[in-house]
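The structure under discussion appears below in the form of structure tokens.
Every number in this text was worked out from the coordinates using simple rules, so none of it is lab data. Since this is a predicted model, take the numbers as computed values, not measurements. Methodologically, a virtual Cβ is constructed for each residue, glycine included, from the backbone with ideal geometry; neighbour enumeration extends over all protein chains shown.
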Amino acid sequence: MVRGGDRAAEETAGERRVGDPGDPLRATVRRKTEQLRLAQTSGHLDPAWDPADILMFVNQLAIARVGQSDLLPADAAERTAFLSARRAAIVAAVQRLFPAAAAPREQEPGRSL
């Protein structure tokens, strides 16, 4: 245990800690939230949500059954179909929860929105 907050003493040469600016997990989250932000600005995703919240929600939905391999069919073809259906269900849920932004309406002459 390191006392006095001497962070450099905690790290070994070449080792990174979660949360460090060069941490691969942090870089992945930054990249994915930027992709979500771009999807929002291009109208493919509801802009009312914070991109980080969308990412965390979708990740949790996707990993909900991790560690439950006993629920998977033993047969390879059945397992492939099961996983494909599960992915499709996740995509459908995400599309419903975070729909594409409505196209902006053009204002008609003499009429306010």
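Results, tabulated for the structure shown:
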{"item": "Radius 15 Å from Cβ of Asp46, net charge of other residues (Lys, Arg +1; Asp, Glu -1)", "result": "0"}
{"item": "Hz values of 3J(HN,Hα) by residue in segment 23-30 - Karplus curve (6.51, -1.76, 1.60), Gly and Pro given as x", "result": "5, x, 5, 4, 5, 5, 4, 4"}
{"item": "Distant-in-sequence amide H partners of His44 (H built 1.01 Å from N, under 5 Å)", "result": "Ala101"}
{"item": "Length released on extending from Ala85 to Ser42, taking residue separation times 0.36 nm less the Cα-Cα span", "result": "12.7 nm"}
{"item": "Residue-by-residue Karplus 3J(HN,Hα) for segment 58-67, coefficients 6.51, -1.76, 1.60, Hz, glycine and proline x", "result": "5, 4, 5, 5, 5, 9, 4, 9, 4, x"}
{"item": "Per-residue ³J(HN,Hα) for segment 36-44, Karplus 6.51 cos²θ - 1.76 cosθ + 1.60, θ = phi - 60°, Hz, x for Gly and Pro", "result": "5, 4, 5, 5, 5, 5, 8, x, 8"}
